[in-house]
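J.: Can you keep this structure in mind? I'll have questions shortly.
None of the figures in this text is laboratory data; all of them are computed from the coordinates on show. In this text, all values refer to a predicted model and were calculated from it rather than measured experimentally. Cβ coordinates were reconstructed from backbone atoms using ideal geometry, including for glycine residues, and neighbour counts include every protein chain displayed.
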Amino acid sequence: MALALLLATGWLLAFAVATHATEVIVKGLTQGSAILSIDGELSVLREGETRAGVTLISADNRGATLEIDGRRRTLGLDRSIAKTYRTPEPDRIARAGSAFLYRQKGEIPAGASSLLSVKLVDEQQASVVLGIEYVYAGDYGDDVFLSVATVDDGQQTDNAETAPVRLLKGKHYVELQVISSDKAPVVYSSDELEFTVHWNSNGERQGEILKRVLPFTKYWKKVRVR
């Protein structure tokens with residue numbers, strides 16, 4: 001049967017598998033089938049079929065759900081990303097599009113605290129550096145901190161960590177590194193970043209002042225120390 005395919009230059013999914021080291025690129029989609037590049041070899045998989053440790057659970061013209069080492073991930077073909085995707089260098093990830101992940105729209109009310117902008121300053125396989133502009137009204141005192149966590153499938157994870165940054169009263173810019181934690185698997189993914197501003201009392205974390213979740217799809221790979 002002829003397949004009407006949506007072709008793309010590639011949306012990359014990298015997983016560490018117990019018995020395989022598999023790199024999968026979705027090259028085409030149709031109802032019930034997908035063309036995958038698995039470790040550089042093209043394969044047509046139909047729903048339920050497995051090749052090199054990769055099982056196609058379902059597929060349509062919007063995306064494919066794959067299962068690798070017992071974990072499922074749905075990948076969609078985003079043409080704007082696919083057309084600008086470049087193969088990552090060994091120690092760096094190339095991210096297309098604007099470096100800004102977020103920009104505040106409109107005026108901030110007097111006396112309010114807010115994130116004004118978040119931009120991607122640097123990105124490596126195991127870490128990112130974020131440039132964050134904020135305004136803090138000072139109404140919670142001096143022990144106010146900003147922290148960032150990774151989110152995958154709607155759940156906050158402890159796969160990446162960052163040292164909370166103390167916020168100063170007024171408008172300021174800080175750079176914050178998010179890096180793979182010791183608890184993280186060698187390869188893992190996130191689809192959002194969660195920004196939380198909280199206040200402390202006697203060194204203990206208390207209530208949250210504000211929280212913002214931003215889309216940020218990334219496949220992280222920890223750097224092995226020899």
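J.: Compute the relative contact order of the range 108-158 as a whole-number percentage, counting only Cα pairs closer than 8 Å that sit 6 or more residues apart in sequence.
T.: The normalised contact order for the range 108-158 reaches 28 percent.
J.: Can you compute the FRET efficiency between residue 31 and residue 152 using 1/(1 + (r/R0)^6), with r the Cβ-Cβ distance and R0 = 22 Å? Round to the nearest 0.05. Write out the running numbers ahead of the final one.
T.: Numbers: r = 27 Å, r/R0 = 1.24.
Working from the Cβ atoms, E equals 0.20.
J.: Taking the Cβ-Cβ separation of residue 65 and residue 205 as r and a Förster radius of 30 Å, what is the calculated FRET efficiency to the nearest 0.05?
T.: The formula returns an efficiency of 0.20 here.
J.: Which links in 169/218; 169/221; 105/222; 169/211 stretch past 26 Å when you go from one Cα to the other?
T.: Working: 169/218 32 Å; 169/221 36 Å; 105/222 35 Å; 169/211 18 Å.
From the list (169/218; 169/221; 105/222; 169/211), the Cα-Cα distance tops 26 Å for 169/218; 169/221; 105/222.
J.: Using 7 Å Cα-to-Cβ label points, what is the residue 47/residue 139 separation (nm, one decimal)?
T.: 5.2 nm
J.: Order 111-119, 124-132 from most to least packed using the mean count of other Cβ atoms within 10 Å.
T.: Details: 111-119: 15.9, 124-132: 19.2.
By packing density, highest mean first, the sequence is 124-132, 111-119.
J.: Points 7 angstrom from Cα along the Cβ direction at residue 217 and residue 127: gap in nanometres?
T.: 2.6 nm
J.: Would you kindly derive the ³J(HN,Hα) couplings of the range 151-162 from the backbone phi angles with the Karplus curve 6.51 cos²θ - 1.76 cosθ + 1.60 (θ = phi - 60°), listing them in order in whole Hz, with x for Gly and Pro?
T.: Rounded to whole hertz, the list is 10, 9, 6, x, 10, 5, 10, 10, 6, 10, 9, 8.
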